[in-house]
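As structure tokens, the structure follows; a few thoughts come after it.
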Amino acid sequence: MKFSVLTLFPEQVKRFLGESILGRAEEKGILEIDAVDIRDFSGNHYGKVDDTLFGGGTGMLMQCEPVYQAYLSVCSGDDTKKPHCIFMSPKGAVLTQEKARELSKYEHLVILCGHYEGIDQRVLDEIVDEDISIGDYVLTGGEVAACVVIDCISRMVDGVLPNSEAYEEESHMQGYLEAPQYTKPNIWHDKAVPEVMLSGNHAKIKEWKRLHGLYDTWKRRPDMLEKLDISAEDWQKILQIEREESEKRKQVPPVDE
Ligand code: ADE
């Protein structure tokens, strides 16, 4: 899969995405991530790509032509193969796992990052297919948001993670949160790993994970659970976990003053 990030700060994007799992996926040729400097398309000696706002207002706005030329530079020229273009913006639809999965199906994504007060609307209308936000807050620019989007999408691309199970059981993938996980030692600070985890019974472990995932979702993100059709039987089991957890809390000795 190919990502072309159009930005005024290509180094920021490259530094983040060149490391770790994504860096290795790029080395293996599974991902191609290009950061294109919009300033290279300024058309002037100073690399100036912004100007004051018509109609008044503070700050500067990125101009149409440099953004448009940067966009054209990553298009193949074949109009039937236009890449899908997203604009990072706090006005966009908030990124979800489902959205990321949908975006992971594109062969080539162009990700446009704004800075200063934003970008002239006319070029956005011409090249952008959808706006994406990473949350209801405002960042200084779209670069960090673009890295979040690329990271989230890339780990669903075949070959980036060692196996697809690595992410299929994770929080949000099945519409609910992942259950707690444990590693050695079996007992740490008087806390034992749940017995079932040491049982070797895979069906029981799977069911434990499913129910504890649902339980955690109920406690932490009830809004997510509302979207799932939980059976009466599962509710009984979730409430049983709640009783067990509340017993455990009672057993915790008081902390010495
Ligand atoms: N640019 C500025 N704020 C942003 C946000 N919350 N999401 C995506 N892009 C942004």
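The values are calculated or read from the model by the stated rules, or taken from the named source; none is laboratory data. Values in this document were obtained by computation on a predicted structure and should not be read as measured data. When we count neighbours, we look across all protein chains shown, and the Cβ atoms used for this are built from the backbone with ideal geometry, even at glycine. When the accessible area is computed, the model is the full protein with side chains, heavy atoms only, and any ligands, DNA or RNA have been set aside. Shrake-Rupley method; radii C 1.70, N 1.55, O 1.52, S 1.80 Å.
Taken as a whole, the structure leaves MET173 outside the set of residues that are away from the ligand (no atom under 16 Å from the Cβ) and buried (at least 19 other Cβ atoms within 10 Å of the Cβ).
Within the range 197-218, does at least one residue satisfy the condition of being over 24 Å from GLN97 (Cα atoms), touching a helix residue (DSSP H, G or I) at 6+ places or on another chain (Cβ under 6 Å), open to solvent by 100 Å² or more (accessible area, probe 1.4 Å) and charged (D, E, K, R)? The answer is yes; a qualifying residue exists.
Restricting the range 145-168 to residues that are under 11 Å from the mean Cα position of the chain (by Cα) and of a type in the set (A, V, I, L, M), the residue that is nearest to the ligand (Cβ to nearest atom) is ALA145. Scanning the range 57-93 for residues being touching a strand residue (DSSP E or B) at 6+ places or on another chain (Cβ under 6 Å), surrounded by fewer than 19 Cβ atoms within 10 Å (Cβ to Cβ) and in a helix (DSSP H, G or I) gives a total of 1.
What residue, of TYR137, TYR106, is within 11 Å of the ligand (Cβ to nearest atom), of a type in the set (Ser, Thr, Tyr) and surrounded by fewer than 20 Cβ atoms within 10 Å (Cβ to Cβ)?
Details: TYR106 fails: within 11 Å of the ligand (Cβ to nearest atom).
Exactly one residue qualifies, and that residue is TYR137.
Within the range 152-174, not a single residue is over 27 Å from LEU109 (Cβ atoms) and in contact with a helix residue (DSSP H, G or I) (Cβ under 7 Å, 6 or more places away or on another chain). Of the residues making up the range 94-117, those that are outside any strand (DSSP E or B) and over 14 Å from the mean Cα position of the chain (by Cα) number 7.
Of the helices (runs of 4 or more DSSP H) lying entirely inside the range 184-255, those carrying at least 3 residues that are closer than 16 Å to GLU169 by Cβ are 202-220. With respect to (1) under 29 Å from MET224 (Cβ atoms); (2) touching a residue at least 24 places away in the same chain (Cβ under 8 Å), the lone exception for VAL128 is condition (1).
May I ask you to verify whether GLY47 is out of contact with any Pro (no Cβ under 6 Å at 6 or more places or on another chain), away from the ligand (no atom under 16 Å from the Cβ), at positive phi and assigned to a loop (DSSP other than H, G, I, E, B)? So GLY47 fits the description; yes.
Listed here are the residues, each with its yes/no results for (1) open to solvent by 10 Å² or more (accessible area, probe 1.4 Å); (2) closer than 23 Å to GLY18 by Cα.
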site	(1), (2)
CYS113	no, yes
TYR116	yes, no
ARG122	yes, no
GLU126	yes, no
ILE132	no, yes
VAL148	yes, yes
ASP151	yes, yes
VAL157	yes, yes
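Within the range 1-22, the residues that satisfy the criterion of being in a helix (DSSP H, G or I) and loosely packed, with under 14 Cβ neighbours inside 10 Å are GLU11, ARG15, SER20.
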